[in-house]
1. With unit charges on the beta carbon (Lys/Arg positive, Asp/Glu negative), name the residue among A:Gly15, A:Ser54, A:His29 whose Cα is farthest towards the positive pole of the charge dipole of chain A.
2. Can you give me the relative contact order of chain A as a percent, contacts being Cα pairs under 8 Å and 6 or more apart?
3. Counting only residues 5 or more places away or on other chains, whose amide H sits under 5 Å from the amide H of C:Ile233 once H atoms are built in the peptide plane?
4. Which distance in nm do the two modelled labels at D:Arg327 and B:Asn244 give, with both placed 7 Å along the Cα-to-Cβ direction?
5. Rounded to the nearest 5, what is the percent of antiparallel bridges among the DSSP beta bridges in segment C:82-204?
6. Where does the charge balance sit around B:Gln199 when Lys and Arg score +1, Asp and Glu -1, over other residues with C-beta under 11 Å from its C-beta?
7. Defining a contact as two alpha carbons under 8 Å apart and six or more residues distant in sequence, what relative contact order in percent does segment C:2-63 show?
8. Near the amide H of C:Val65, under 5 Å away, which other amide H atoms are found, from residues 5 or more places off or on another chain, if H is placed in the peptide plane?
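Readers should treat all values here as calculations from the given coordinates under stated rules, not as data from a laboratory. The model shown is predicted, which means the values in this text are computed figures rather than measured ones. Glycine also receives a Cβ, built like all others from the backbone with ideal geometry; neighbour counts cover every protein chain displayed.
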4 protein chains.
Amino acid sequence: MLVVMKSGATDQEIGRVIEAIEAAGLKAHSMPGANRTAIGITGNTGAIDSSPFSDLPGVAECVRVTKPYKLVGRELKPERTVIRIGDAEIGGDEFAIIAGVCAVESREQTFLTAAVVSEMGCKFFRGGAFKPRTSPYAFQGLGEEGLKILSDVRDQYDLKIVTEATDEPALDLVERYADVIQIGTRNMQNFSLLKRAGQARKPVLLKRGMAATIEEFLLAAEYIMSEGNYQVILCERGVRTFANHTRFTLDLSLVPAIKRISHLPIIIDPSHSTGKREKVIPLSRAGAAVGADGLLVDIHPYPERALCDGPQALLFDQFKDMVAQVRSIAAIVSGEEKKITKQTK
Amino acid sequence: MLVVMKSGATDQEIGRVIEAIEAAGLKAHSMPGANRTAIGITGNTGAIDSSPFSDLPGVAECVRVTKPYKLVGRELKPERTVIRIGDAEIGGDEFAIIAGVCAVESREQTFLTAAVVSEMGCKFFRGGAFKPRTSPYAFQGLGEEGLKILSDVRDQYDLKIVTEATDEPALDLVERYADVIQIGTRNMQNFSLLKRAGQARKPVLLKRGMAATIEEFLLAAEYIMSEGNYQVILCERGVRTFANHTRFTLDLSLVPAIKRISHLPIIIDPSHSTGKREKVIPLSRAGAAVGADGLLVDIHPYPERALCDGPQALLFDQFKDMVAQVRSIAAIVSGEEKKITKQTK
Amino acid sequence: MLVVMKSGATDQEIGRVIEAIEAAGLKAHSMPGANRTAIGITGNTGAIDSSPFSDLPGVAECVRVTKPYKLVGRELKPERTVIRIGDAEIGGDEFAIIAGVCAVESREQTFLTAAVVSEMGCKFFRGGAFKPRTSPYAFQGLGEEGLKILSDVRDQYDLKIVTEATDEPALDLVERYADVIQIGTRNMQNFSLLKRAGQARKPVLLKRGMAATIEEFLLAAEYIMSEGNYQVILCERGVRTFANHTRFTLDLSLVPAIKRISHLPIIIDPSHSTGKREKVIPLSRAGAAVGADGLLVDIHPYPERALCDGPQALLFDQFKDMVAQVRSIAAIVSGEEKKITKQTK
Amino acid sequence: MLVVMKSGATDQEIGRVIEAIEAAGLKAHSMPGANRTAIGITGNTGAIDSSPFSDLPGVAECVRVTKPYKLVGRELKPERTVIRIGDAEIGGDEFAIIAGVCAVESREQTFLTAAVVSEMGCKFFRGGAFKPRTSPYAFQGLGEEGLKILSDVRDQYDLKIVTEATDEPALDLVERYADVIQIGTRNMQNFSLLKRAGQARKPVLLKRGMAATIEEFLLAAEYIMSEGNYQVILCERGVRTFANHTRFTLDLSLVPAIKRISHLPIIIDPSHSTGKREKVIPLSRAGAAVGADGLLVDIHPYPERALCDGPQALLFDQFKDMVAQVRSIAAIVSGEEKKITKQTK
């Protein structure tokens, strides 16, 4: 259920509704919007009786949520969520470019790359310290040592750090060292990890599972939000299909589909989806054009020596070209997107 | 095999090579390029002996083709193919917008739509007279009567007509009335129809099968070309996946993949792939951004009354918005694409 | 709509209903069953008024069909359809083994194979004279010469001939020479060919498209039946998925799914689906176990020299083993299947 | 690398090789077979020098493993692995039926079900105490209380308990209370959990991810084995495809494919793959017929009241029918399978 407050409801009135919800043994999720605050209720096992809440001062109405998800939906929060970290944001007016190395391999490789990311005016740096690898015998990342390098990158370049947590102990560390906690595609339905991420106080970047439906993807985000962390960024990274000219099939139709039903920002990953450098720039442009809020891209100073996913990493010059192109396209879309959202049914 | 002529080879020298190929009971496919002409050889059952050709005057070298396709590949023709019909072109500098009605339902509906297409400066009009329908009980199109309406549209608006041929008798009619012969996704491996299209003297727009690999798609184009019709336009229209938020999953990664190995132009169909109006504009933009040479889009004066695929048809105002957005993006990509092609390996 | 006759309705009463339907400009499809005859009506563009039919003598009731398909469904004909050709049948008590060569390559190869098929007591022989090939440069079959060889096989071994028609001219020939007309997976939505097959007076074996849903598959069969040919055998031959350990993924769950909604027999093709000999026997057994009515299998006297799909052809000894195993399993299933059909909702 | 011992090698000689491997900082995995013992080596980062091992007494040869997996492959252990728990086994001569409830809901429901499983002579009981659920608001299982009920089932009926561990804390409990630790499809690439399972001293039943390739599946098993737990049972439970007549598409072709390259036993799950009761019996039969070593099936005393996946649970009478049918088929396959393995290349 969803308690919608009147547009002029006071903080005190909102507080009183939250208290009443919690007194009933339920969990209250307050979502302030431009015009009104709505409060989602979770923790119930059956239907909720609305009578204890509907007559409280400041309450406009109690709405039964018919979707399987409650907190990710636009019913609860019609305005789009903007994730803000210092002066950087995802989901706002600026197209967010999260660039960096697939795996942190060394201080030198990481800093060389960060310098270019910073030079291009990007605000986020990605780099993997814990790498989920298909084979137990493949390079698994530098672990905490990698996180320290990333932390030093932040100090030096003022870049926000995005890095993956592959399990709970890793998440503890990532939460300490990084700015955004990434949950990878193979963990999209690792529900314990999602719950732990929901208890973190930092934004979570959640990648779509490689065969996840839109509902499963949103419910994975719901796991995080139901624990009280409402700062979730969705990421489309390609799905598994029969197509063999690409590693995964980047499903750009997901972007408008998500925007219709969820307030969460959504970005794309053209690097891991295609697995091939020459497709990364065209699909980055396509991602900006389709209306994504940003992208996640791999670059490398010398990809032929990369320990992980070298063939997909852009060279520095390619990266610079890409950033320029993507920004021009995002600028075109930015104004248009709002118009369209209004017009289309 | 492939006979590459010297850059200064005369028409006479080229003619003599073709004669020698035909004298050997084989078929010669001459592909003139900016710098040199190459002549593809088909019709052989085993390997071809190059000795009768390699010493003819004007021949630079004889190259064995290792791919399963010969005529669609860039080995034979490194320059991109541009399809020209009067003053209109596909694959050239201008992004081609082929807009119109899914099915020709009436003269009024068709002319209303054509007026808008023409007003926006688009040069191609699409409309189905023969509709391949999943159910035998669904509206199957107006047939020749529909073709006549389309022909009148051309006369009135100077729009080039693109329409589907669903079988050989339909192709005979389409060849007579239209400018571009469309082969639909369900017929991508209707090899008899492909061969018949290869004997036509008008360009063929070939849609990818809904579960076709890139190799199968190119080999379907090869069927057409091997009969002597080299004017083929490829069209990505979505593939079948588990995803249920979209009718088909538009596979934009195919566009750069095709451009690497084939000289043929490739366009996208955002209408049939998504099946939903609200996704058509975002994916049209994405198609322009990924580097497609054009798109095929459905519009309708009153989609709620359409006999076929109404929910995917853009309203006229949406169409106008879309055209403006797509052109801005295509302009950005157009110059960039060439740079990238050079840089990326 | 569906006119259900009373159980004691006379031929004259049935004839009168058919006349009334045709007089209304519609098409009548009479389906006699064990207890009652039902008459399907097609050819209508909107809803049909039942009043002219419901009061005719012998009519029990008029039923509106809610499914998109009418003639393939169990609403019209609850009893399972059995296809009978001389003493052979598909869909009856005996598990039908349709064995033979992928492509007829020579009289010797075909007769060697037919001798083994006959020796094992199988009643159907398969062999391709018209081969739909992905590449225009691959062996396309012997054509009419191949059909003549097959016809001689029938004369010598009393085997019923199953062979593919790839287009209308081929269908004309196949109808003349063969006993069962096969429509291949790539032509499952070649609607002109389906209609032509519907006008043939011989049974049609229809293969599922490689990405066809169950509804699309049934509607393809409906195309054939709506033209008046009710002898359709469905064939599951594997669908396209991401899995790369098999050529296609044999979808055995389709068999019970089809049996719930359609009266048509369904067989499986373990050869083309797997593409690898070592999987053919296990999946043949699985097909018999899941309740299929038969299978279609490739064998070859010397597969290493086969012109088409050699790696999937069983050796003769393997074929004999397979037949024995499959028959033992089919015998177990045969009785059980009926029990289950009754029990399960 | 793989050190193959001579057929008469003594335990002492084997021990000396293991010592030498460990002295080199590597990990030794000894796999005794019928004729010879092979010792897999993991823990290396680059290629291993075989010279320190090849001349040790009892060593026949050192073999470089070319596959990405080492311990799951038949190169290391040609004999099939049989998992033994008391008098029960999986992978041996008897077809293993692991039957029970999807979720342990109550002592009564669990004991009612266990009584039937025991009555039918099955040796394994399944029941979920920790349920991975797509929605955070769905019933998540009884946790340790459920494990205690399962433990009591074992005491009463002498059934071996198979139950899922969804995270590390759950695995600690499952290892204590159960006989077989199940890792679910959503955790197939939860590498931390796989490693933890590899440190357990009880067999692990590993379900295939819903979009996992055969190589990814085997490498997931390799993660478990590389930690020293060699008792892994693989389980095919359906993959995600476009097909909408079934929840997942059961990929039975995986069974013969796995048996060719791995020594591990493989079973199937007809309940979760189809999601519909009426398909469970046909696909159970198909699983036995294709050569699987067993199956995992849901039953329920009153499925309409089940808290989880009721529509897929067999009724008790259906279960009894299924067991009888499956055993008849498995008996046919059992002898045949060995013959085929020898014949087919």
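1. Comparing the listed Cα positions along the dipole, A:Ser54 ranks first.
2. Working: 708 pairs, mean separation 50.2, N = 345.
15 percent.
3. Correct list: C:Val204, C:Leu205, C:Leu206.
4. Rounded to a tenth, the inter-label distance reads 3.8 nm.
5. On the way: 3 of 14 bridges.
If we restrict to bridges inside segment C:82-204, about 20 percent are antiparallel.
6. Numbers: positive: B:Lys195, B:Arg196, B:Arg201, B:Lys202; negative: B:Glu168, B:Asp172, B:Glu175, B:Glu227.
Net of charged neighbours comes to 0.
7. On the way: 96 pairs, mean separation 30.4, N = 62.
Computed over segment C:2-63, the figure is 49 percent.
8. C:Leu2
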